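Worksheet for the structure shown next.
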Amino acid sequence: RIAKVAYVAGCDLLSYDIMKNFQHGFLDDSEISLLESLQKKFASSQAEATSAYQAGKLSPEFAILIDQIGNSLSNNDLTDALRRLQHLKHEIKQKDITDTSSYKVIYQHYCWLKAKYHFLKKEYKSSLLNYESAIQSASPPKELLTEYASLLRKTGRKIEASRVARME
């Protein structure tokens, strides 16, 4: 029941962390459907960072930073997300990443998270610019394109949204 309250309060990740520890036999139908929708939401972003990490494109350090920022954004903790985004930007500058494909994937994640941050702040123009940077820096995952197309539709740019949807 606490997980439902956390979900309603906008703390999706906290709700997911609580619910994933329960067996399906202890959850009612509404709780099971909530858990399944939260699993879809968080499994895809974590799978994205994990697959990039496993492919050797993300160091464990960057994978952890990216997950932490994603968790802050999921919980609408914009102050923490901004602090962590600034830290990630600093780490990207500090590390001498010689592999350009690794750099592009890390930079793509940075731009994507920054786009989500600006979206939550309702700064749609900045969000669009960051989505575009993320898409241009490396081969974009489907989820990134879907979010970008959704924001284009939301801002009245339906023709561009259709073009992006065809890219998916």
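The values are calculated or read from the model by the stated rules, or taken from the named source; none is laboratory data. Note that this is a predicted model, so its numbers are computed, not measured. Note: ideal-geometry Cβ built from the backbone for every residue, glycine included; neighbour counts use all protein chains shown. For the accessible areas, the whole protein counts, side chains as well, though only heavy atoms, and no ligand, DNA or RNA atoms are used. Shrake-Rupley method; radii C 1.70, N 1.55, O 1.52, S 1.80 Å.
Checked against the criterion of being among the polar types (S, T, N, Q), touching a residue at least 60 places away in the same chain (Cβ under 8 Å), touching a Leu at 6+ places or on another chain (Cβ under 6 Å) and in a helix (DSSP H, G or I), segment 64-71 contains not a single residue that satisfies it.
Looking across segment 136-168 at every residue that is among the small types (Gly, Ala, Ser) and not in a helix (DSSP H, G or I), the one that is surrounded by the most Cβ atoms within 10 Å (Cβ to Cβ) is identified as Ala138.
Identify the residue in segment 97-112 that is closer than 17 Å to Lys142 by Cβ and of a type in the set (A, V, I, L, M, F, W, C) and, among all such residues, is modelled with the lowest pLDDT. It would help to see each step written out before you state the result.
Our first condition is that a residue be closer than 17 Å to Lys142 by Cβ; within segment 97-112, this holds for 105, 108-109, 111-112.
The next check asks that each one be of a type in the set (A, V, I, L, M, F, W, C); those that pass are 105, 111-112.
Numbers: Val105: 85, Cys111: 95, Trp112: 93.
Among residues in segment 97-112 that are closer than 17 Å to Lys142 by Cβ and of a type in the set (A, V, I, L, M, F, W, C), the one modelled with the lowest pLDDT is Val105.
Within 22 Å of Pro60 (Cβ to Cβ) and either free of Cβ contacts under 8 Å to residues at least 40 places away in the same chain or open to solvent by less than 20 Å² (accessible area, probe 1.4 Å) (or both) - does that describe any residue in segment 128-135? Even if it seems obvious, please write down each step before you answer.
Taking segment 128-135 as the starting set, the residues that turn out to be within 22 Å of Pro60 (Cβ to Cβ) are 134.
Those left that are additionally either free of Cβ contacts under 8 Å to residues at least 40 places away in the same chain or open to solvent by less than 20 Å² (accessible area, probe 1.4 Å) (or both): 134.
Checking segment 128-135: at least one residue is within 22 Å of Pro60 (Cβ to Cβ) and either free of Cβ contacts under 8 Å to residues at least 40 places away in the same chain or open to solvent by less than 20 Å² (accessible area, probe 1.4 Å) (or both).
Residue pairs whose Cβ atoms lie under 7 Å apart, separated by 6 or more positions or on different chains, with the first residue in segment 141-167 and more than 17 Å from Lys114 (Cβ to Cβ) and the second part of a helix (DSSP H, G or I) and open to solvent by 80 Å² or more (accessible area, probe 1.4 Å), are Ala161/Arg153. Glu48 satisfies every condition listed in (1) at pLDDT 65 or above; (2) open to solvent by less than 60 Å² (accessible area, probe 1.4 Å); (3) acidic (Asp, Glu) except (1). State the number of residues belonging to segment 110-155 that are of a type in the set (Val, Ile, Thr) and over 23 Å from His87 (Cα atoms). Total meeting the criteria: 2. Residue count for segment 109-125 under the criterion of being without any contact (Cβ under 8 Å) to a residue 40 or more places away in the chain, in a helix (DSSP H, G or I) and either on the phi > 0 side of the Ramachandran plot or more than 11 Å from the chain's Cα centre (by Cα) (or both): the result is 4. Considering only residues that are loosely packed, with under 15 Cβ neighbours inside 10 Å and either acidic (Asp, Glu) or more than 19 Å from Phe62 (Cα to Cα) (or both), which ones fall in segment 81-119? Asp96, Asp99, listed by residue number.
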